[in-house]
1. Of everything in region 52-72, what is among the hydrophobic types (A, V, I, L, M, F, W, C) and under 14 Å from G16 (Cβ atoms)? Give them in sequence order.
2. When the residues of region 47-101 are narrowed to those that are surrounded by fewer than 16 Cβ atoms within 10 Å (Cβ to Cβ) and at positive phi, which ends up farthest from the chain's Cα centre (by Cα)?
3. Tell me which residues, restricted to region 30-82, are among the polar types (S, T, N, Q) and either more than 9 Å from the ligand (Cβ to nearest atom) or touching a helix residue (DSSP H, G or I) at 6+ places or on another chain (Cβ under 6 Å) (or both).
4. Restricting attention to region 2-34, report how many residues are part of a strand (DSSP E or B) and closer than 16 Å to S50 by Cα.
5. Any idea which residue in region 57-82 is farthest from H46 (Cα to Cα), counting only those that are among the hydrophobic types (A, V, I, L, M, F, W, C) and assigned to a loop (DSSP other than H, G, I, E, B)?
6. Please state which of the following conditions G25 fails to meet, knowing it meets all the rest: (1) more than 14 Å from the ligand (Cβ to nearest atom); (2) touching a Lys or Arg at 6+ places or on another chain (Cβ under 7 Å).
7. Identify, from the list V85, V38, the residue that is touching a Ser or Thr at 6+ places or on another chain (Cβ under 8 Å), among the β-branched types (V, I, T) and part of a strand (DSSP E or B).
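The numbers here are math on the coordinates, done by the rules we state, and not lab data. Since the structure is predicted, the reported quantities are computational estimates derived from the model, not experimental observations. We place every Cβ from the backbone using ideal geometry, glycine too, and count neighbours over all the protein chains shown.
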Amino acid sequence: MPEWVYLCRIDEVPDGRARTIEVAGARVAVIRDGDSIVVISDLCPHAGGSLGSGWIEEGELLCPLHRWRFRLRDGRCTTLRGNDVHRYPSRIDDRAVWARV
Ligand code: FES
């Protein structure tokens, strides 16, 4: 059953970038877009790249290995249809980032 778990402080993620966090048996990518946070699965469906090492361009996260693109708002892969990543519910409380993992 998914539960809300603490991930990090928003200030620990550089704006426009992401970081990988392992929590509750899952590896997630925490992505920062200004004062907003998106949490998705860290594993790129193409060849297993770490999306936590990616960066944002035009509302999408780019995988660092071969630059597949994933839409921040819903995790949809816009490079090759049918390769979406799971997007976890997340929230920010007093600059602390939480996700339902
Ligand atoms: S592993 Fe992510 S684009 Fe290839």
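1. W55, I56, L61, L62, L72
2. D94
3. Within region 30-82, S36, S41, S53, T78 qualify.
4. Qualifying residue count, region 2-34: 14.
5. L72
6. Unmet condition: (2).
7. After ruling out the rest, the residue left standing is V38.
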